[in-house]
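**Student:** Structure below; questions to follow.
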């Protein structure tokens, strides 16, 4: 029998609105119902943003590089659609309704990423936990028992051979034609690069796409200091694999550095070792020393592709994910300033007007939103990467729960960092700004739903903060008021809890935390529904590319 999503692709070829009976190639008859009546409402959850940047400070050769990098990035769209759904060629061509096609493009498949991956076209079953990284009929037990040394590699698919046994297929083999083209484009861009570090990175990244050996290019990426344009490309984050959290998905960003803002951020990486020592947790969970070669930079992003472009859009980057690189060199934190500004103006400010107490609304500011987001990324470098009890890395021990807990750690330790640096006089503004903006930010991110690691993390934090009195809801106005003293106490308490769960590799404990605290209450859902009724978008989609940048 064909997998259900293949039946969907066949059935949808004749479907518009309402019901259509269709006979598939295997002779089965299926009824496809496209929920066209509410697709426009779903599309309205997103507001369109024109993704532009000031390119005036770039050289002629740097401007010539950008279209090459965008073309390479665009290839990641095709690869991620295969990883997320599987039928990369037939899915869109099978649809003859424009709204359905647009929403499939936003979600890279027929599942609504802002609604816990619920199918938005009737007849489509639940999204597989392992997406398309594993056979859909594979069980966890079968995977664990398989004698395949590279089965948990970030860069292999699990497939069945002619005898039905599990086997592995490296990414660079599965995607040979596509990665060869992307690699060639990166090499062309490298030939134009004037900055030696960027040239070296592009050549190494081009080679990595052909071999799945990404560590040399990750190290080279960390060594870049003076580049004015950048590209993040390849299989990077493991959010899409909700079965084990092992498999990395393809994505790309093409970026233009904001030199002035980047200079303002340079100083903060130097505080990481001191902040690590002061974490509110037992000493054994903070013995690792974070790398101090970390960069904090601000960029305007000019192109998103693949995983980063699916559903809710990333507004800051903390990479590489390789624990060895992190301990040796730290990470780079890239703040995507233009995308961040768009979300603040179009989403955060309207949410504030609707849900934050009137006398505290003045404390929701873009500078605080930028700082909270930035220190979230910096905080990924704090804490612990390897368990203290021999369970391996935190990522290995916590499996599919690792991403949600790591995002929760970064959120709460980001606020901890701001608090500590503010007391040292290194962060301007009032703590009330950062704390109130933090609460408004929870309302923004909770709307991403439980299918997002960031969404789960926000739900846990919202419920934990509420239980500990960090904020109160006025029953008459339906608005929320921050209790600044109790929020700080809750921040320290939740920081300790998360760091302990990570350090001990407590898989059952984090599962219990997510089950208990990772749910949206009926009261919160009613308040989120108010945001929808007020036509406040959940996230953004982009008009992007060489035409938008006038680089044709």
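The values are calculated or read from the model by the stated rules, or taken from the named source; none is laboratory data. The structure displayed is predicted, hence computed values, not measured ones. All Cβ positions, glycine included, derive from the backbone under ideal geometry; neighbour counts span all protein chains shown.
**Student:** Would you be able to tell me the number of residues in segment 367-400 that are at positive phi and surrounded by fewer than 23 Cβ atoms within 10 Å (Cβ to Cβ)? Break it down stepwise before answering.
**Tutor:** Of the residues in segment 367-400, the ones at positive phi are 383, 390, 392, 399.
Going one step further and asking which of them are surrounded by fewer than 23 Cβ atoms within 10 Å (Cβ to Cβ), we end up with 390, 392, 399.
Number satisfying all stated conditions: 3.
Per-residue answers, yes or no, for (1) within 19 Å of residue 85 (Cβ to Cβ); (2) surrounded by fewer than 23 Cβ atoms within 10 Å (Cβ to Cβ):
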{"site": "224", "(1), (2)": "no, yes"}
{"site": "231", "(1), (2)": "no, no"}
{"site": "242", "(1), (2)": "yes, yes"}
{"site": "249", "(1), (2)": "yes, no"}
{"site": "255", "(1), (2)": "no, no"}
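**Student:** Limited to segment 58-74, what total is found for residues that are out of contact with any helix residue (DSSP H, G or I) (no Cβ under 7 Å at 6 or more places or on another chain) and either over 27 Å from residue 345 (Cβ atoms) or outside any helix (DSSP H, G or I) (or both)? Quick ask: steps written out before the conclusion?
**Tutor:** Narrowing segment 58-74 to residues out of contact with any helix residue (DSSP H, G or I) (no Cβ under 7 Å at 6 or more places or on another chain): 58-60, 62-63, 66-67, 70, 73-74.
Cutting the leftovers down to either over 27 Å from residue 345 (Cβ atoms) or outside any helix (DSSP H, G or I) (or both) gives us 58-60, 62-63, 67, 74.
So the count comes out to 7.
**Student:** Out of the residues in segment 103-145 that are without any contact (Cβ under 8 Å) to a residue 60 or more places away in the chain, out of contact with any strand residue (DSSP E or B) (no Cβ under 6 Å at 6 or more places or on another chain) and not in a loop (DSSP other than H, G, I, E, B), state the one that is surrounded by the most Cβ atoms within 10 Å (Cβ to Cβ).
**Tutor:** 104
**Student:** Within segment 170-266, considering only helices (runs of 4 or more DSSP H) that don't extend past its boundaries, which have at least 3 residues that are closer than 21 Å to residue 58 by Cβ and within 24 Å of the chain's Cα centre (by Cα)?
**Tutor:** Working: elements: 171-174, 176-192, 196-211, 215-223, 259-265.
Once the helices (runs of 4 or more DSSP H) in segment 170-266 are filtered for at least 3 residues that are closer than 21 Å to residue 58 by Cβ and within 24 Å of the chain's Cα centre (by Cα), what remains is 196-211, 259-265.
**Student:** Hey, another quick one. Please verify whether segment 147-165 includes one or more residues that are assigned to a loop (DSSP other than H, G, I, E, B), in contact with a helix residue (DSSP H, G or I) (Cβ under 9 Å, 6 or more places away or on another chain), modelled with pLDDT of 95 or more and more than 24 Å from residue 233 (Cβ to Cβ).
**Tutor:** Yes: segment 147-165 contains one or more residues that are assigned to a loop (DSSP other than H, G, I, E, B), in contact with a helix residue (DSSP H, G or I) (Cβ under 9 Å, 6 or more places away or on another chain), modelled with pLDDT of 95 or more and more than 24 Å from residue 233 (Cβ to Cβ).
**Student:** What's the total number of residues in segment 467-486 that are touching a residue at least 12 places away in the same chain (Cβ under 8 Å), out of contact with any strand residue (DSSP E or B) (no Cβ under 7 Å at 6 or more places or on another chain) and not in a loop (DSSP other than H, G, I, E, B)?
**Tutor:** Total meeting the criteria: 2.
**Student:** With the structure loaded, tell me whether residue 403 is within 28 Å of residue 536 (Cα to Cα), surrounded by fewer than 21 Cβ atoms within 10 Å (Cβ to Cβ) and touching a residue at least 60 places away in the same chain (Cβ under 8 Å) or whether it fails that test.
**Tutor:** Values: within 28 Å of residue 536 (Cα to Cα): yes; surrounded by fewer than 21 Cβ atoms within 10 Å (Cβ to Cβ): no; touching a residue at least 60 places away in the same chain (Cβ under 8 Å): yes.
Against the criterion (within 28 Å of residue 536 (Cα to Cα), surrounded by fewer than 21 Cβ atoms within 10 Å (Cβ to Cβ) and touching a residue at least 60 places away in the same chain (Cβ under 8 Å)), residue 403 does not qualify.
**Student:** Also: What about residue 77, is it at pLDDT 95 or above and part of a helix (DSSP H, G or I)? Let's see the steps before the verdict.
**Tutor:** Numbers: at pLDDT 95 or above: yes; part of a helix (DSSP H, G or I): yes.
Against the criterion (at pLDDT 95 or above and part of a helix (DSSP H, G or I)), residue 77 qualifies.
**Student:** I would also like to ask the following. Being modelled with pLDDT of 90 or more, in a helix (DSSP H, G or I) and touching a helix residue (DSSP H, G or I) at 6+ places or on another chain (Cβ under 9 Å) is true for just one of 362, 328, 335. Which residue is that? Step through it out loud before you land on a result.
**Tutor:** Details: 328 fails: modelled with pLDDT of 90 or more; 335 fails: in a helix (DSSP H, G or I).
Of 362, 328, 335, the one residue that is modelled with pLDDT of 90 or more, in a helix (DSSP H, G or I) and touching a helix residue (DSSP H, G or I) at 6+ places or on another chain (Cβ under 9 Å) is 362.
**Student:** Report every pair of residues separated by at least 6 positions or lying on different chains whose Cβ atoms are under 7 Å apart, first residue within segment 193-209 and in contact (Cβ under 8 Å) with a residue 60 or more places away in the chain, second outside any helix (DSSP H, G or I).
**Tutor:** From residues that are in contact (Cβ under 8 Å) with a residue 60 or more places away in the chain, the pairs are 194/59.
**Student:** Moving on to the next point. Any idea how many residues of segment 152-179 are over 19 Å from residue 86 (Cα atoms) and surrounded by 14 or more Cβ atoms within 10 Å (Cβ to Cβ)?
**Tutor:** Total satisfying the criteria: 2.
**Student:** How many residues are over 21 Å from the mean Cα position of the chain (by Cα) and over 23 Å from residue 157 (Cβ atoms) when one looks only at segment 95-124?
**Tutor:** First, the residues of segment 95-124 that are over 21 Å from the mean Cα position of the chain (by Cα): 95-101, 120-124.
Among the residues that remain, those that are also over 23 Å from residue 157 (Cβ atoms) are: 95-101, 120-123.
Qualifying residue count for the region: 11.
**Student:** Moving to a separate point now. Could you tell me which numbered condition residue 351 fails, if it satisfies all but one of (1) touching a strand residue (DSSP E or B) at 6+ places or on another chain (Cβ under 7 Å); (2) in a helix (DSSP H, G or I); (3) under 25 Å from residue 116 (Cβ atoms); (4) modelled with pLDDT of 90 or more?
**Tutor:** Evaluating residue 351 over (1) touching a strand residue (DSSP E or B) at 6+ places or on another chain (Cβ under 7 Å); (2) in a helix (DSSP H, G or I); (3) under 25 Å from residue 116 (Cβ atoms); (4) modelled with pLDDT of 90 or more leaves (1) as the failure.
**Student:** Only residues that are more than 24 Å from residue 308 (Cβ to Cβ) and not in a helix (DSSP H, G or I): list them for segment 518-542, please.
**Tutor:** Residues satisfying the conditions are 519, 520, 521, 534, 535.
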